[in-house]
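Remarks on the structure that follows.
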Amino acid sequence: MSVLDNDPLTESELAEIIGHGELVPLLAALAHLTGDRRYLDPGCRPRSATVLGRTVAGSTDSDDAALELAISGLRAISGSDLDTVDPTVDRDLIEYLVGAPIEDGTEDMLRYQLGIPHDQGAPRWQASPSSDAGLSVAIIGAGMSGILMARRLDQAGIPYTVFERNADFGGVWYENSYPGCRVDTTNYIYSYSFATRDNWTHDFSMQRAVHGYLREVATELGVDKNVRFGTELLAATYNEGSCTWQLKLNGPDGPYDAEFSAVVSAVGQLNQPKFPDVPGIDSFSGPAFHTARWDHDVDLTGKRVAVIGTGASAYQVIPEIADRVGSLTIFQRSAPWMEWTPAYADEVKPGLRWLFENVPTYSHWYRAYQFWITADARRPYYTVDPSWDQPGSVSAENQELRQHLVSGLARQYQDRPDLLEQVIPSYAPYSKRLLRDNGRWAKVLHRPNVRLVADHIEAIDEQGIQTSAEHLDVDVIIFATGFRASEILEPVDVTGTGGRKLRDEWAGDPKAFMGVAVPGFPNLFCLYGPNTNVVVSSSLFFFAESAANLVMSALEHLDKTGAGAVECTGEALDQFVAEIDEASELTAWGASNESTWYKSASGRVSQNWPLRVVDYWTRTREFPLEKFQVLRPAVRDKELVR
Ligand code: NAP
């Protein structure tokens, strides 16, 4: 019995359905379901989703043949095929997805993202109840990384408690409730590999949906039983005698102390709002708030509103409020680059939904494919060519991207050359993350009640904003000015071995081996730590899952050996940082002189991962014992165990 027997569809209806999805993952799914390699015929390979209009694999000529093949496949797959999906996935299927020879760890990485079999990141070991280590873990933060870490610890049978200063799960997805907030990485990869969903209403969900997803996963997995909401970590001190961490916490019932054998910081990078360093900022008499602390009690209707900043948050909030405010003045210091994404705010197309519902494993192949085409395929577009000397780009490919983006802007502002001049950035694309443009930004800038001001802000006073050119009276100021990303964990007084303070060690320029471990702070691990943010590729869920794997492998070592703690060596960190710094210089964002949250005050790129995505994957598979010292309780001098 075919999947189409209950739902007879014409050739053109099937073609439309397939057009709402992607042919490459569909053909891979059909080959997987049926075992028939005819679907992988290289002569029928369709074009892959392209990077900036460039074909990655396949050709236009193959598209019709591929469509025909896919339609025949949908007619052929039968009820019995659907019930028994082969859990093994052969290499040729993965190769087909990529469309090119696969390098080193890419096959395993994509298999992991494919999620067949389910949850390959689950620890394959159980904490031993009799272990000397007697592990217990404090997780700081119940956002995306905190929930993930809780899941992994739970799977290994390690007791944990999550401490969260907010009243709910979600981290940034709880805190950023400004109008228009939505994800800019498709949900099919902006989700846990162990908790994928086929029922997103949008490809790029609104904040409420992402927050709902995180809360739902946390509850389904039982993390809610081990979380202390409204509880802030004030201080964490490592005890060298016992190899444990003493925590000072402030909860709903007041301050208290707790002790754990390890601490995982899951506070992320974007949790401390940044306000501009402008004289008089506190003197404004009207409401003034940051996008990440949106004041829902302030009615903007008819008001003269100023928004400072034109980054990702401003870009999302401004079109949402422009039609109800009286006037809107946007203060732009530098224009953002935007990637044309016309369907950015659209609902999931019915054809894609149909494929998810009717073709088993299709959603898995779709996810792996989405991951792959945004992973390392874009690398040439942000890699610096040292011999390239054209201003505003860093290589021929980057220049090609620049021209592509400029032509998109020219199309949208052809009637307003004055605006066009203002919205074309002077810096190279990918010096900052590209925003997703569905035309709303140009529309909003065309509105008669909206003005884009590029003059320098000199001061803020009781009535409004003084620029280098004029004074503007406003009723409300909204700061869309980003976050103090490089001040990770700064509000917490973290003390490691020999009384050293993390705040002083990092001094606003955080460094951690693989973004996870810091010398002098044994058994302190970070998720979404220094140098693990992504500007162009992949998904933060993937990076956090990879980092969590490294943390779990360190804990496994402690459990199996009965040691008290592991501490990354200074040498390992120095080598890592040297490699990262060298690679960062060859990225568009590293080579750029733009002020971004990617760089610390010293100018070093402290937040982003500059190597390939697959490099982070391969280096977080196993515990690199040679990069760590192993410490034992009640031994003051460090004992090297190898
Ligand atoms: P941001 O990207 O750091 O942007 C801050 C904006 O404020 C920039 O336009 C900046 O100008 C401007 N600014 C800062 N100080 C200023 C001053 N003194 N005068 C005038 N302008 C000033 O912050 P964000 O928009 O909140 O985004 C931060 C990150 O959060 C993003 O990169 C992204 O990773 C994440 N995010 C994601 C989404 C999403 O779609 N999922 C949404 C929001 C945020 P310059 O550019 O000149 O520095």
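Close amide H contacts of Val162 (hydrogens built in the peptide plane, cut-off under 5 Å, sequence separation of 5 or more or a different chain): Ile139, Val227, Arg228. To the nearest whole percent, what portion of all C-alpha pairs in the range 79-200 is separated by more than 24 angstrom? Cα-Cα pairs of the range 79-200 separated by over 24 Å account for 49 percent.
Using heavy atoms of the protein chains and a probe of 1.4 Å, the accessible area assigned to Asp418 is about 80 Å².
Near the amide H of Val494, within less than 5 Å, lie the amide hydrogens of Ala236, Leu502, Arg503, all on another chain or at least 5 residues away, with H placed in the peptide plane. If you average the alpha carbon positions of the range 480-546 and of the range 125-174, how far apart do those two centres end up, in angstrom? Here the two parts' Cα centres lie 17 Å apart. For the set Glu220, Glu107, Glu556, solvent exposure ranked by accessible area (probe 1.4 Å, protein chains only) runs largest to smallest as Glu220, Glu556, Glu107.
Residue-wise HN-Hα couplings along the range 300-312, as the Karplus relation 6.51 cos²θ - 1.76 cosθ + 1.60 with θ = phi - 60° gives them from phi, are 8, 4, x, 7, 8, 10, 10, 10, 9, x, 9, x, 4 Hz; Gly and Pro carry x. Couplings 3J(HN,Hα) of the range 475-485, computed from phi: 9, 9, 10, 10, 8, 9, 9, x, 9, 8, 5 Hz, in residue order, whole Hz [Karplus 6.51 cos²θ - 1.76 cosθ + 1.60, θ = phi - 60°; x for Gly and Pro]. Solvent exposure of Tyr174, expressed as accessible area, is near 80 Å², computed with a probe of 1.4 Å over the protein chains only. Net charge dipole, the chain: roughly 560 debye, given to the nearest 20, about the Cα centre with Cβ charges of +1 for Lys and Arg and -1 for Asp and Glu. Stokes-Einstein diffusion for the chain, with the hydrodynamic radius set to the Kirkwood value over Cα pairs and evaluated at 25 °C in a medium of 0.890 mPa s, equals 93 µm²/s.
Each Cα pair of the range 491-631 feeds into the Kirkwood radius, which the Stokes-Einstein equation turns, at 4 °C and 1.567 mPa s, into a diffusion coefficient of 83 µm²/s.
Nonpolar atom fraction for the range 416-513, defined as the carbon and sulfur part of the 1.4 Å probe accessible area, stands at 45 percent. A probe of 1.4 angstrom, applied to the heavy atoms of all protein chains, finds Trp388 with accessible area near 70 square angstrom. Once backbone amide H atoms are built at 1.01 Å from N, Thr587 has Val384 as its partners under 5 Å, excluding neighbours fewer than 5 places away on the same chain. Karplus-derived 3J(HN,Hα) values for the range 428-445, using 6.51 cos²θ - 1.76 cosθ + 1.60 with θ = phi - 60°, are 6, x, 6, 5, 9, 4, 6, 7, 9, 9, 10, x, 5, 5, 4, 4, 5, 5 Hz; glycine and proline are entered as x. The distance linking the range 379-395 with the range 2-36 is 41 Å (Cα centroid to Cα centroid, whole angstrom). Residue pairs exceeding 19 angstrom between C-alpha atoms, taken from Lys511/Lys599; Lys248/Lys511; Lys274/Lys599; Lys511/Lys627; Lys432/Lys599: Lys248/Lys511.
In the range 249-366, the C-alpha radius of gyration followed by the widest Cα-Cα span (Dmax) gives 21.8, 60 angstrom.
The values are calculated or read from the model by the stated rules, or taken from the named source; none is laboratory data. All of these numbers come straight from a predicted model, not from anything done at the bench. Reconstructed Cβ throughout: ideal geometry from the backbone, glycine too, with neighbour counts over all protein chains shown. All accessible areas refer to the heavy atoms of the entire protein, side chains included, with ligands and DNA or RNA removed. Shrake-Rupley method; radii C 1.70, N 1.55, O 1.52, S 1.80 Å.
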